[in-house]
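Okay, so here's the structure we're looking at.
The numbers here are math on the coordinates, done by the rules we state, and not lab data. All values derive from a computational prediction rather than experimental measurement. Neighbour counts are summed over all protein chains in view; Cβ atoms, including those assigned to glycine, are modelled from backbone coordinates with ideal geometry.
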Amino acid sequence: MTDNFLDKVYRVSGNDGMRDLYNAWAGKYDQDILETGYATPARVAAALSAELPDRNAPILDFGCGTGLSGAALVEAGFTRIDGTDLSGEMLAMARQKKIYNKLWETDPTAPLPVQPGDYRAITAIGVISVGGAPPTVYDDLLAILAPGDLLAFSLNDQSMAMDDYGGRLKRSISAGEVAVRSEAYGPHLQAHGENSGSTVYVLERLKDG
Ligand SMILES: C[S@@+](CC[C@H](N)C(=O)[O-])C[C@H]1O[C@@H](n2cnc3c(N)ncnc32)[C@H](O)[C@@H]1O
């Protein structure tokens, strides 16, 4: 149950392994993750809603999984949400929730089929991390945002401490690619020893890559 998949996820590497694990977990993911007191979706949605007053702004929920993150965005009042994820089985669960306008399977070997200006904000909630998408995804998401648009995402404790993830983010801020609209540390997987906290960022894209 919970610890089985949660423990395994931090040891999986590569897109194929990640897809297989989430495909196998999809049917039990919501129950398992909610048992841990998963707090990050509501925190990211609240942080984004403080920076994006237009509730009809188009949002892409990258790594939407079963749709828990989309549900938090709806709860915060957002109305136009698309989603994409590596795992077809996670997407099948998300589809049942009838939250997203459009859902598609991410092809990690190809550029995202999105142009700057398509979305006013992209969310990546519990996605870019050890046990999730590689740090290069951060750059991929920046590349499909127009200047002024927002990236709202979380980094768990372990990823924040790593140069590939936390270090990369700090370098991106120093280089002037993004401005930090908000940053807040708080609960992530509250009932799980590892990664019980996460840092939630809302970044504004400052210039074209
Ligand atoms: C911990 S789950 C989070 C799902 C959802 N955002 C939530 O908050 O419940 C991580 C999700 O990221 C997806 N994922 C991992 N690597 C990815 C990649 N390279 N591209 C797209 N999705 C990816 C997984 O399939 C999984 O559904």
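Name every residue in segment 82-92 that is of a type in the set (A, V, I, L, M) and near the ligand (Cβ under 9 Å from one of its atoms), in order of residue number.
Leu86, Met90, Leu91
Looking only at residues in segment 166-209 that are small (Gly, Ala, Ser) and out of contact with any helix residue (DSSP H, G or I) (no Cβ under 8 Å at 6 or more places or on another chain), which one is nearest to Thr40 (Cα to Cα)?
Checked segment 166-209; the qualifying residue nearest to Thr40 (Cα to Cα) is Gly193.
Which pairs do you get when a residue that is within 15 Å of Pro135 (Cβ to Cβ), found in segment 166-177, comes within reach of a residue that is assigned to a loop (DSSP other than H, G, I, E, B) and of a type in the set (Gly, Ala, Ser), reach meaning Cβ atoms under 9 angstrom, with the pair 6+ apart or on two chains?
So the pair list comes out as Glu177/Gly209.
Within segment 22-31, how many residues turn out to be closer than 17 Å to Ala72 by Cα and more than 9 Å from the ligand (Cβ to nearest atom)? Explain how you work it out, then say what you get.
Initial filter on segment 22-31 (closer than 17 Å to Ala72 by Cα): 29-31.
Within this subset, residues satisfying the condition of being more than 9 Å from the ligand (Cβ to nearest atom) are 31.
Final tally of qualifying residues: 1.
Those residues that are more than 11 Å from the ligand (Cβ to nearest atom) and surrounded by 20 or more Cβ atoms within 10 Å (Cβ to Cβ), I need them from segment 61-81; list them, please.
Going through segment 61-81, the residues more than 11 Å from the ligand (Cβ to nearest atom) turn out to be 74-81.
Of everything in segment 61-81, those that are more than 11 Å from the ligand (Cβ to nearest atom) and surrounded by 20 or more Cβ atoms within 10 Å (Cβ to Cβ) turn out to be Phe78, Ile81.
Yes/no per residue for (1) assigned to a loop (DSSP other than H, G, I, E, B); (2) buried (at least 19 other Cβ atoms within 10 Å of the Cβ); (3) among the basic types (Lys, Arg); (4) in contact with a helix residue (DSSP H, G or I) (Cβ under 9 Å, 6 or more places away or on another chain):
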position	(1), (2), (3), (4)
Asp7	no, no, no, no
Val12	yes, no, no, yes
Met18	no, yes, no, yes
Ala26	no, yes, no, yes
Ala46	no, no, no, yes
Ala92	no, no, no, yes
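For the condition closer than 21 Å to Pro58 by Cα and among the aromatic types (Phe, Trp, Tyr), what is the one hit in Tyr185, Tyr165, Tyr138?
It is Tyr138.
Scan segment 97-124 and report the pairs whose first residue is touching a residue at least 12 places away in the same chain (Cβ under 8 Å) and over 19 Å from Pro135 (Cβ atoms) and whose second residue is of a type in the set (Phe, Trp, Tyr) and within 12 Å of the ligand (Cβ to nearest atom), with Cβ atoms within less than 9 Å and a gap of 6+ or a chain change.
Once the first residue is touching a residue at least 12 places away in the same chain (Cβ under 8 Å) and over 19 Å from Pro135 (Cβ atoms) and sits in segment 97-124, no partner that is of a type in the set (Phe, Trp, Tyr) and within 12 Å of the ligand (Cβ to nearest atom) comes close enough.
Restricting attention to segment 28-44, which residues are of a type in the set (S, T, N, Q), surrounded by fewer than 20 Cβ atoms within 10 Å (Cβ to Cβ) and not in a loop (DSSP other than H, G, I, E, B)?
The answer is Gln31, and nothing else.
Please work out which residue is farthest from Leu145 (Cα to Cα), limiting yourself to segment 96-111 and to residues that are out of contact with any strand residue (DSSP E or B) (no Cβ under 6 Å at 6 or more places or on another chain) and either more than 12 Å from the ligand (Cβ to nearest atom) or assigned to a helix (DSSP H, G or I) (or both).
Filtering segment 96-111 for residues out of contact with any strand residue (DSSP E or B) (no Cβ under 6 Å at 6 or more places or on another chain) gives 96-99, 105, 107-111.
Subset that is either more than 12 Å from the ligand (Cβ to nearest atom) or assigned to a helix (DSSP H, G or I) (or both): 96-98, 111.
Numbers: Gln96: 28, Lys97: 27, Lys98: 25, Pro111: 13 Å.
The selected residue is Gln96.
Does segment 37-60 contain any residue that is under 15 Å from the mean Cα position of the chain (by Cα) and more than 24 Å from Asp157 (Cβ to Cβ)? Steps first, answer last, please.
Initially, segment 37-60 is screened for residues under 15 Å from the mean Cα position of the chain (by Cα), giving 38-48, 59-60.
Of the ones still in play, those that are also more than 24 Å from Asp157 (Cβ to Cβ) are 59-60.
The answer is yes, given that some residue of segment 37-60 is under 15 Å from the mean Cα position of the chain (by Cα) and more than 24 Å from Asp157 (Cβ to Cβ).
Step by step: first the residues of segment 150-199, then only those that are acidic (Asp, Glu) and under 12 Å from Tyr138 (Cβ atoms), then the one that is surrounded by the most Cβ atoms within 10 Å (Cβ to Cβ). Which residue is that?
Glu177
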